[in-house]
Every structure is written in C-alpha cells, then in structure tokens.
Amino acid sequence: MPRFPLRLRKLLPVLLTGTVGAGAAIFFAGTSDAAATLGASAEAKGRYFGAAIAASKLGDSTYTRILKSEFTSVTAENEMKWDATEPSRGVFNYTGGDRILAQAQANGQKVRGHALAWHSQMPGWAQSLSGSTLRSAMLNHVTQVATHYKGKIHSWDVVNEAFADDGRGSRRDSSLQRTGNDWIEAAFRSARAADPAAKLCYNDYNTDGVNAKSTAVYNMVRDFKARGVPIDCVGFQSHLTNSAPGDYQANLQRFADLGVDVQITELDISGSGQAAAYAAVTKACLAVARCTGITVWGIRDSDSWRTGTNPLLFDAGGNKKAAYTSVLNALNAGGSTPGGGCTATATAGTVWGDRYNTSVTVTGASTWTVVVALTAPQKVSTVWSGAASWDTSGNVMTVKSNGSGNTFGFTTTFNGNTSARPQVRSCTAG
C-alpha cells in the first residue's frame with residue numbers, strides 16, 4: 001500500500017428500426033457519438049473520471065494539459081491529509097489543498113477530499129496523543145478541515161484504512177482505534193455537521209472482491225445505515241496487479257444495495273494484463289448504477305507511487321497507453337446511468353435528414369423521473385409514453401412516467417446540429 005494513497009458523451013447504440021426509403025433517412029454508425037476524452041465519456045453517464053494530483057507538479061505543462069483535458073474530478077494526493085493541514089495542534093495550513101482546489105475550479109472540475117481521519121500521516125504532535133485527548137483532537141481536525149472546504153468538496157474520505165489485513169475482518173490496531181470502537185462513527189457525525197452537502201465515504205484497500213476485510217466493512221456500513229449514522233459512499237482503492245477480482249462487480253453491487261454510492265478511488269493496475277483489467281474495472285463501474293465515478297491514482301507512470309511498475313494510463317512522456325484506449329472504449333460502449341433506485345438506458349432509433357428518434361427504457365422502478373439533456377440548437381418536437389417538461393433553457397427535458405409502461409421515446413430536430421446526441425443525466429424512482 002502507498003504511503004501516499006490516499007470523466008462520456010452518451011454513446012447510443014444504433015437500432016435500425018424499420019425500412020427507410022432511399023434518400024429519406026440516414027443511420028449513425030455506432031462510434032460516431034463516442035466521446036474523445038475520459039472525462040467527457042464518463043460525464044455523459046452521470047459519472048466523473050478523476051485523477052489524484054500533487055500541488056508540486058502543477059507547474060509541469062504536460063501534467064496540467066492532461067489534467068485539464070481528460071479529467072472532471074481531482075483528489076489531492078497528500079495536501080488535505082492531517083499532517084499537511086494541521087502541522088501543529090490547532091494551527092491549520094491549507095496552502096497546498098487550496099492550490100489544488102483553485103486549479104480544479106479553474107478547470108471546471110470537482111474535488112474529492114482525502115482524507116480527514118487516518119492512522120497514517122498523522123502529524124507528530126497527534127502521534128504523541130492517546131485516549132480521549134486524541135479523540136478530541138481528531139474530531140476537531142475533522143470539523144475544522146471539513147468546515148474550511150464546506151461546499152467545495154463533492155465527496156470526503158472521512159475515514160481511511162481502518163480495517164486490518166489479517167484475514168479475519170478485524171479493525172486495525174491504531175491509536176485512533178484505541179480511542180474507542182465508535183471513533184469511525186464519531187468522525188462521520190462530525191463531518192456531516194461540518195459539511196452537510198458533501199458525500200461522506202469510508203475508503204480502504206484490498207476490499208475490491210468479496211473477502212473477510214470487505215465483508216467487515218460491509219457489515220459496518222450496514223450497521224451505520226440501520227442506525228442512521230451518516231455514511232453516503234464507500235471507496236474501493238483498487239491497487240491491482242494483472243486483473244481485477246472475478247467478483248469485483250458483485251462486490252460493488254452488494255455495497256450499492258445497502259443504499260450507498262460506490263466509488264473507485266485510487267485505481268492503478270500493473271502487469272501484463274493491464275489494459276484488459278482497466279477495461280474490466282470500468283465496465284464493472286458502469287454496470288452498477290450507484291458507482292458514481294473512477295479516480296486513477298496519478299496521471300503519468302512517472303507520477304505513480306508504484307515506482308517502476310508503470311500502472312497508469314499515460315506513460316512518462318504523457319502519451320496515451322493501450323490501457324487508456326481500453327478505458328475510453330469501455331466508457332463509450334455504454335452502461336447504466338446512476339440514479340435513485342432506477343436505471344435509464346437510451347437507444348438510438350431512425351435518423352432522418354432533419355430529425356431523429358431516441359427511446360429510453362427504465363428498469364428498477366415502476367414509476368420514475370428521467371432527466372435528458374440536449375445540445376442547442378437541437379429541440380425535442382415530440383414525446384410519447386411519458387409526461388415531459390423543460391427547464392428555462394429548453395435544453396434539459398424531464399420525463400415522468402404516465403402509466404404507459406417503462407419505455408418512452410422522443411423525436412429531436414437537428415436545427416443544424418447533426419453530431420450531438422441526447423445525454424441521459426439521471427433516473428429517479430418514484
């Protein structure tokens with residue numbers, strides 16, 4: 001494990017739905033709508049594609065070019081951890097974290113916060129504390145840092161790596177654990193009080209498949225949900241070699257079934273099976289409706305903590321690797337769209353010279369609301385089997401079930417724009 005471990009235009013597969021008279025219609029090839037970057041491709045599925053970055057590398061033009069063009073979310077590698085943000089007790093330093101935040105905001109990117117409470121990379125003064133004194137200092141740290149970044153972080157790793165690798169699913173023996181078994185719960189409650197809007201995550205490694213450690217985390221999350229402890233998401237670091245576990249998707253799904261989002265938070269893969277493994281992980285996330293995003297831990301191989309294993313999507317020179325292509329192809333190939341208890345899948349229909357059809361099928365709910373975004377100047381001219389309304393721009397359409405079943409459709413006029421396709425933004429049950 002690292003000492004420093006801790007974005008999809010919508011690809012609508014073409015469906016040829018009837019015979020079209022010569023010269024009256026055209027059909028878009030299956031790849032014509034594929035997004036050209038990781039971030040754009042993931043975004044069209046309602047997900048983010050992010051990278052962990054270091055403030056010290058923001059002066060590197062190749063680094064920042066890739067960061068800006070490919071990713072829609074960033075995570076600070078070290079700049080938001082305890083030793084960086086509170087080097088002396090009660091004295092806070094946000095310089096590095098704020099620099100990363102400013103860079104992300106300038107790029108229009110979201111920020112994942114990492115990490116509020118962790119037994120590693122604690123400042124020296126905190127390492128010398130124990131018991132209730134350490135508990136108080138930890139909770140104050142969580143409150144102060146989450147308050148400083150309030151409203152600016154989409155997801156926080158509130159607690160990081162609190163379970164042991166002992167094959168028994170035990171809690172890690174750490175100074176934080178020795179403050180009392182409820183320390184994780186206390187940290188989550190403090191984080192919620194400090195920033196009610198941020199998604200609060202538990203994050204860990206070697207939990208990618210179904211095993212004793214991931215099951216122990218699963219049981220904790222289930223208990224938290226049952227007792228109203230504020231937890232919104234679980235992060236799976238996914239530091240892999242050659243392949244992902246065979247039950248990777250099933251593991252993500254069982255956590256999602258508890259009512260939390262799942263996020264792949266520190267992805268890097270070494271070994272000869274790298275490209276295939278990256279594709280498998282991406283497909284697994286797309287197949288789980290509550291998998292909201294993927295973050296790779298670094299940008300270029302030379303930026304990785306796994307020195308010499310070349311586990312990332314770009315080589316040391318900033319060139320795209322085969323693994324990059326496999327991820328982009330997997331993203332553009334499709335998947336489910338995240339939502340509150342249902343999935344909306346769009347299928348492209350016939351395309352005429354001035355308009356085209358799209359059908360959307362909803363699974364997982366008998367009543368639903370689906371949000372679809374268009375690209376101006378395209379407009380929807382007809383909607384069937386659903387009740388539609390539009391926002392003030394006329395570019396975002398909300399369709400509610402009207403008793404006609406779980407498939408609705410619509411016709412869109414090009415109005416001069418023949419390249420863009422509708423993007424399903426969300427599906428909400430009820």
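Observations, loosely collected:
- Neighbourhood net charge (13 Å Cβ-Cβ; Lys/Arg +1, Asp/Glu -1) for Ile269: -2
- The chain, dipole about Cα centre (Lys/Arg Cβ +1, Asp/Glu Cβ -1), debye to the nearest 20: 600 debye
- Averaging 1/r over every pair of different alpha carbons in the chain and inverting the result gives a Kirkwood radius of 22.6 Å.
- Solvent-accessible area per residue for segment 343-429 (1.4 angstrom probe, square angstrom): 41 Å²
- Kirkwood-type hydrodynamic radius, segment 63-164: 14.3 Å, calculated from all non-identical alpha-carbon pairs.
- Spin-label proximity, Asn219 to segment 143-180 - amide N less than 12 Å from point 7 Å beyond Cα toward beta carbon: 168-171
- Calculated on the alpha-carbon coordinates, the convex hull of segment 343-429 measures out at 78 cubic angstrom per residue.
- For segment 265-331, accessible area per residue (1.4 Å probe, heavy atoms of protein chains only), Å²: 30 Å²
- Residues in segment 110-164 average 31 Å² of solvent-accessible surface per residue, probe 1.4 Å, ligands and nucleic acids excluded.
- Per-residue HN-Hα couplings for segment 73-81 [Karplus 6.51, -1.76, 1.60; θ = phi - 60°; Hz; x = Gly/Pro]: 8, 10, 10, 6, 4, 9, 6, 10, 7
- Protein-only accessible surface order, largest first, of Lys379, Lys150 at 1.4 Å: Lys150, Lys379
- Relative contact order %, segment 38-332, counting alpha carbon pairs below 8 Å whose residues are six or more apart: 16 percent
- Calculated log₁₀ intensity ratio I(q)/I(0) where the Debye formula runs over C-alpha points of segment 46-111, q = 0.12, 0.15, 0.22 Å⁻¹: -0.31, -0.47, -0.86
- Percent accessible area from carbon and sulfur atoms, the chain, protein chains only, probe 1.4 Å: 50 percent
The values are calculated or read from the model by the stated rules, or taken from the named source; none is laboratory data. Treat the numbers as computed from the prediction; the structure is a model and nothing was measured. Glycine gets a Cβ as well: all are built from the backbone with ideal geometry, and neighbour counts include every protein chain shown. Side chains are part of the model used for accessible areas, which takes the heavy atoms of the whole protein and leaves out ligands, DNA and RNA. Shrake-Rupley method; radii C 1.70, N 1.55, O 1.52, S 1.80 Å.
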